[in-house]
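Notes for the one structure printed next.
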């Protein structure tokens, strides 16, 4: 009987494809059962594949960048030599490891690249181990902090400097022939496996479904009043009451009016789902985005939705989501307004779903409202909301009916 055991890619994985991101051990290394061996990355999540047993890493069969299908053999572990017993670290050493050799190669590379000491980071891996995702998150947080702390006068000064240099160079530049874009100097940024997978998924969706978008406008006055009156109570319970929680609840109400929006197209039938599993697009900065799913949203109260949303969002940004957290979505929300856009169209449908909601930036706008039978000009918090549909599955009247119910749920929210 062979003393080699296969190291397999997970049978159940979330995403259109999985790619080997990084081996955490080298051939010949002793490993214990469940030690992380290799990182796999999809368009939605990065996950570690643990050692199936104690032994020695004998073979690496898939290298960084290789596609790893579910159940694919990534490498092999030799069982003939037992791995040495691990020395149990002290509580202080476990919490604050100082020896850089204790970190994975990915973490050590990130430490060198970012100039961040992993010893100062709270690890999210097994036993508090620092992962590459923890390093990425720490770098992103530090970069955001530096940007936020930059004085306005420095930024404006830099912009004026650049503007002045452009003006001074204009006469010279005008006499030169403008180079073709293909010949212009450029910095080549290699696509990550996640970015490639997202690109493939988006391209496939556009080619699969005819996209049509309808746009309505929503007044958030009732939502803002309810939030102001209840935010302290939610905070006391440890839950952030975000606008997105209200949006999810309003989607559930709209699905009651037009259940066909919560569906999937098949060549011989339209599958209309009884459970409303709503995915919420969550940006991960330059790394891309993930879509964690709030399952059976029709059975959740506003507080239940808010708590689940908070948990998923925190774990998405710390790269600790599990594949199950992003599985089974029947409808998706793209809250693109949080990054400043008023309207995005079309928002690409998250296949194989039939529709996706877009929510633009919430801002004060002047509107006409009737008061005591007289038209009045008022300032209200407004946002554009859009529903992009697969026109094979849905028509315009269903789209508008759904948006009407959605906007009504937001604007008539009880105090």
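In table form, for the structure just shown:
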{"item": "Matching residues in the range 248-279 - criterion: being touching a residue at least 24 places away in the same chain (Cβ under 8 Å), under 13 Å from residue 353 (Cβ atoms) and outside any loop (DSSP other than H, G, I, E, B)", "result": "251, 255, 260, 261, 263, 264, 265, 270, 278, 279"}
{"item": "Every residue from the range 275-295 that is under 29 Å from residue 415 (Cα atoms) and loosely packed, with under 15 Cβ neighbours inside 10 Å", "result": "275"}
{"item": "Residue satisfying all of: in the range 49-64; assigned to a loop (DSSP other than H, G, I, E, B) and within 24 Å of residue 322 (Cβ to Cβ); farthest from the chain's Cα centre (by Cα) among these", "result": "53"}
{"item": "One residue from 8, 37 being under 30 Å from residue 283 (Cα atoms), surrounded by fewer than 20 Cβ atoms within 10 Å (Cβ to Cβ) and modelled with pLDDT of 90 or more", "result": "8"}
{"item": "Residue 300 being buried (at least 20 other Cβ atoms within 10 Å of the Cβ), closer than 21 Å to residue 282 by Cβ, touching a helix residue (DSSP H, G or I) at 6+ places or on another chain (Cβ under 8 Å) and free of Cβ contacts under 8 Å to residues at least 60 places away in the same chain", "result": "yes"}
{"item": "Checklist (1) assigned to a helix (DSSP H, G or I); (2) surrounded by fewer than 16 Cβ atoms within 10 Å (Cβ to Cβ); (3) under 26 Å from the mean Cα position of the chain (by Cα) applied to residue 238, failing item", "result": "(1)"}
{"item": "Flag for residue 261 being surrounded by 22 or more Cβ atoms within 10 Å (Cβ to Cβ), in the same structural domain as residue 318 (by TED's automatic domain parsing) and modelled with pLDDT under 95", "result": "no"}
{"item": "Out of 324, 307, 316, 297, sole residue that is farther than 18 Å from residue 357 by Cβ and touching a strand residue (DSSP E or B) at 6+ places or on another chain (Cβ under 6 Å)", "result": "316"}
{"item": "Strands (runs of 3 or more DSSP E) wholly inside the range 314-415 containing at least 1 residues that are surrounded by fewer than 22 Cβ atoms within 10 Å (Cβ to Cβ) and more than 18 Å from the chain's Cα centre (by Cα)", "result": "363-371, 374-390"}
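Quick grid of which residues meet (1) in contact with a helix residue (DSSP H, G or I) (Cβ under 7 Å, 6 or more places away or on another chain); (2) closer than 21 Å to residue 342 by Cβ:
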residue	(1), (2)
218	yes, yes
223	yes, yes
226	no, no
229	no, no
232	no, no
238	no, no
243	yes, yes
247	no, yes
252	yes, no
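The values are calculated or read from the model by the stated rules, or taken from the named source; none is laboratory data. Just so we're clear, the structure is a prediction, and the values are computed from it rather than from any experiment. No Cβ is skipped: glycine too gets one built from the backbone with ideal geometry, and neighbour counts run over all protein chains shown.
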